[in-house]
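Presented below is the structure to which this report refers.
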Amino acid sequence: QGTRDHTPAQAALRDRLLSAVVSCFKRHGGAAIDTPVMELRETLVGKYGEGAKLIYELQDQGGELLALRYDLTVPFARYLAMNKITNMKRYHVAKVYRRDNPATTRGRYREFYQCDFDIAGQFDPMIPDAECLKIVHEILSDLQLGDFVIKVNDRRILNGVFAVCGVPDSKFIPACSTVDKLDKVPWEEVRSEMVGEKGLSPEAADRIGDYVQLHGGLELIERLLQDAQLSQNKLAKEGLGDMKLLFEYLTLFGITGKISFDLSLARGLDYYTGVIFEAVLLQQESERLEEPVSVGSVAGGGRYDGLVGMFDPKGRKVPCVGVSIGIERIFSILEQRLEASGEKLRTTETQVLVATPQKHLLAARLKLISELWDAGIKAEMLYKKDPKLLKQLHYCEDTGIPLAAIVGEQELADGVVKLRDVATREEVRM
């Protein structure tokens, strides 16, 4: 059904993953906000391009047409407009819903978590955009997922390319969604779809091909700024100027080694207006391969300056840029690695088990565990009146609890607790 139940070990892994992502968001000053799972259907429709067919629409409830949220960005834009907020840095971790064909092995589900970070407000160009890219770089580095590349492009550059190649305005968005497939299929297939299905002329498709197969860094930006045709196009010139500025900021952040200016990146969503980006994990399949092989996108985002204005009665715009971390895909990768390594994952964070060696000492355990909880220590005990000590210690070994606080008749008489290191079996009285 394209959703999943998690075992305790999987839940613990996901929890660890989410907390690493959230701690990065907090480090960058994000405030947590939440929006409802259900939105009015009209809020969502018309914002996602070809993705609109994947929106889960709910049955008509007496004239009220609702749908489950497709992502966290459109509800955020609606939230800003309704609350008249013009300046905000936020993060949101929540489930979204897509009526998709699931591919669970690749982390594609119908119900899945998204982790979003957005900066809303009128700021100088490319400073917030650079920070969003820095966040992606930090998270992928912290999680030690291996080699990755963050592809960046700009919708204005792409629209400029389409314009100088002779694509009519009405076909920009269909052309965009076709170009976006270049990371999955070869150029020949993209070209035939453009000509056969999207109605572009073969000449226009060939000219687009000359541009969208380019990727590089600052030197490519400089070269395109000198391009006789592109430099005549207002949108492309603006986009390239901002892209140059972005790369200057990314150089100061020290992360340009992992950034690629890639003209094939289009991102199919309609609401992007400027910089767009996508992070891809690279996998070295064998030593003989010179080029690492892509294993799919794990983060994406971009600038969407017009979206908030769609929900404001007066059409007031709030410029926004944001990033979404593909947590389910990352989770699938980490889960496979964990299985391959055979490593056992702790399902709780319990620090100490309160144990007793003799009968009739339940009161002593309850008293001691209450003191530990009140002191902020993560503690457990077995829910039996008189468990055997060996069974209590085996429970510690099975669940990875490092310490046992043992309180027996002798300890009670002496006013001490015996603390046992479960792994080394060392004991100290305290």
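Just a few scattered comments:
- Protection proxy ranking of 296-304, 84-92, 391-399 - average other beta-carbon atoms within 10 Å, highest first: 296-304, 84-92, 391-399
- By average C-beta atoms within 10 angstrom, highest first, the peptides 414-427, 23-36: 23-36, 414-427
- Solvent-accessible area per residue in the chain equals 50 Å², computed with a 1.4 angstrom probe and all protein chains kept.
- Contact order normalised by residue count of the range 352-429, Cα under 8 Å, 6+ apart, percent: 33
- Using the Cβ-Cβ distance between residue 57 and residue 172 with R0 = 22 Å, the FRET efficiency computed as 1/(1 + (r/R0)^6) comes to roughly 0.25.
- Residue-span extension gain [residue 409 to residue 366] - 0.36 nm each, minus C-alpha spacing: 14.0 nm
- Overall dimensions of the range 311-430 as given by Cα atoms, namely Rg and Dmax in Å: 22.9, 77
- Sequence-separation-based contact order of the chain, relative, with Cα cut under 8 Å and 6+ spacing, percent: 17
- Low-density loop positions, trypsin sites (Lys or Arg not before Pro), the range 350-383 - DSSP coil, at most 15 other Cβ in 10 Å: 359, 378
- The chain - percent of accessible surface contributed by carbon and sulfur, probe 1.4 Å: 51
- Label assignment, log10 I(q)/I(0) by the Debye sum over Cα atoms at q = 0.07, 0.09, 0.12 Å⁻¹ derived from the structure, set (i) -0.38, -0.63, -1.09; (ii) -0.35, -0.57, -0.97; (iii) -0.46, -0.69, -1.03: (iii)
- In degrees, nearest ten, helix 8-27 long axis to first principal axis of the chain (Cα): 60
The values are calculated or read from the model by the stated rules, or taken from the named source; none is laboratory data. Just so you know, these numbers come straight off a predicted model, no measurement behind them. FYI the Cβ positions are ideal-geometry reconstructions off the backbone, even for glycines, and counts take in every protein chain you see. Accessible surface is based on the protein model in full, side chains and every heavy atom, while ligands, DNA and RNA are left aside. Shrake-Rupley method; radii C 1.70, N 1.55, O 1.52, S 1.80 Å.
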